[in-house]
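The values are calculated or read from the model by the stated rules, or taken from the named source; none is laboratory data. What you see is a predicted model; the values in this text were computed from it and never measured. Methodologically, a virtual Cβ is constructed for each residue, glycine included, from the backbone with ideal geometry; neighbour enumeration extends over all protein chains shown. Side chains are part of the model used for accessible areas, which takes the heavy atoms of the whole protein and leaves out ligands, DNA and RNA. Shrake-Rupley method; radii C 1.70, N 1.55, O 1.52, S 1.80 Å.
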Amino acid sequence: MNLGEARTRVRFFINEPTAAQWTNTELNDLIKAANREVYADIVARTIDYFHKTVRVKYPAGSVSIDLAAATREDGGATVGNWSRIIAVFRLGSNDSPSSSNLPQVVPVAEDMLTLYDTGLTGPNEDPWTNIVSVDNNYKICANELFLYPFSDEDQYLWIHMVPRITDLVDDTSNLLDGYLTQHHDIIPMLAAIDILMNVGEDSSDLKSRFSRRFQTMIDTIGLQQQSQAPTRVTNAHGSR
């Protein structure tokens with residue numbers, strides 16, 4: 001469903017086929033807000049569905065870099081904003097991850113002190129020997145990425161993240177960036193609920209419908225992810 005189709009659907013829910021009280025611009029703004037809200041709710045429940053990866057260069061001698069503004073080494077312009085950083089890996093060269101360019105996980109520091117004091121226990125601690133096993137980690141504060149230890153050479157990072165949603169810009173823009181198309185109807189529902197509440201109309205039936213549809217979507221996502229998990233090995237020849 002795109003923005004134009006979603007606007008028609010909102011008008012159906014509020015029983016206003018044409019722009020009598022609510023203009024197209026007003027409905028567009030409400031749909032965009034609903035689109036962001038549903039996206040954020042999904043991301044809060046799962047980090048997997050909108051996952052993407054980027055490769056960036058951390059220049060030699062840098063104290064930190066503005067990750068959102070960093071140039072992508074794998075094409076595209078800049079990294080852009082994100083909802084969540086999932087993991088950061090260090091690569092041996094400015095090339096795609098491969099068997100000859102193995103990514104090495106960079107642990108996240110619990111706080112800024114942990115970032116520079118490797119004598120502290122924390123995310124780098126080896127649980128088997130209770131010693132710090134590596135001397136590199138990262139910390140993100142706002143858009144700034146801090147990588148330790150300082151290096152006199154360029155560092156190449158492979159970052160897994162959840163991007164922020166792209167706002168709808170015209171009638172052909174797809175809701176949820178084109179994902180979960182079978183569940184798009186909940187977005188105009190949410191926009192219509194906001195309208196009905198604004199004018200004092202009863203929106204309880206539509207709220208219930210939205211809640212059921214939203215829960216169905218979340219359950220569907222959960223089942224899709226569980227189906228990717230390896231099956232558990234069981235003892236099929238146990239004692240009789």
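For this structure, a couple of remarks:
- Matching residues, the range 157-179, being without any contact (Cβ under 8 Å) to a residue 40 or more places away in the chain and surrounded by 13 or more Cβ atoms within 10 Å (Cβ to Cβ): T166
This table checks each residue for (1) of a type in the set (A, V, I, L, M); (2) touching an Asp or Glu at 6+ places or on another chain (Cβ under 9 Å).
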site: Y39; (1), (2): no, yes
site: V43; (1), (2): yes, no
site: G61; (1), (2): no, yes
site: I65; (1), (2): yes, yes
site: A68; (1), (2): yes, no
site: S83; (1), (2): no, no
site: A87; (1), (2): yes, no
site: S100; (1), (2): no, no
site: Q104; (1), (2): no, no
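- Residues that are loosely packed, with under 14 Cβ neighbours inside 10 Å, farther than 18 Å from V106 by Cβ and modelled with pLDDT under 95, drawn from the range 70-95: G75, G76, A77, N81
- Number of positions in the range 186-207 that are over 13 Å from N15 (Cβ atoms), at pLDDT 95 or above and open to solvent by less than 60 Å² (accessible area, probe 1.4 Å): 7
- Options E16, E26; residue that is open to solvent by less than 70 Å² (accessible area, probe 1.4 Å), outside any strand (DSSP E or B) and free of Cβ contacts under 8 Å to residues at least 24 places away in the same chain: E16
- Counted residues, the range 50-68 - those being open to solvent by less than 60 Å² (accessible area, probe 1.4 Å) and out of contact with any Leu (no Cβ under 8 Å at 6 or more places or on another chain): 8
One line per residue, one yes/no per condition, for (1) touching a Ser or Thr at 6+ places or on another chain (Cβ under 9 Å); (2) assigned to a loop (DSSP other than H, G, I, E, B); (3) within 26 Å of A87 (Cα to Cα):
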| residue | (1), (2), (3) |
| --- | --- |
| I159 | yes, no, yes |
| I165 | yes, yes, yes |
| L176 | no, no, yes |
| M189 | no, no, no |
| D202 | no, yes, no |
| L206 | no, no, no |
| R212 | no, no, no |
| Q215 | no, no, no |
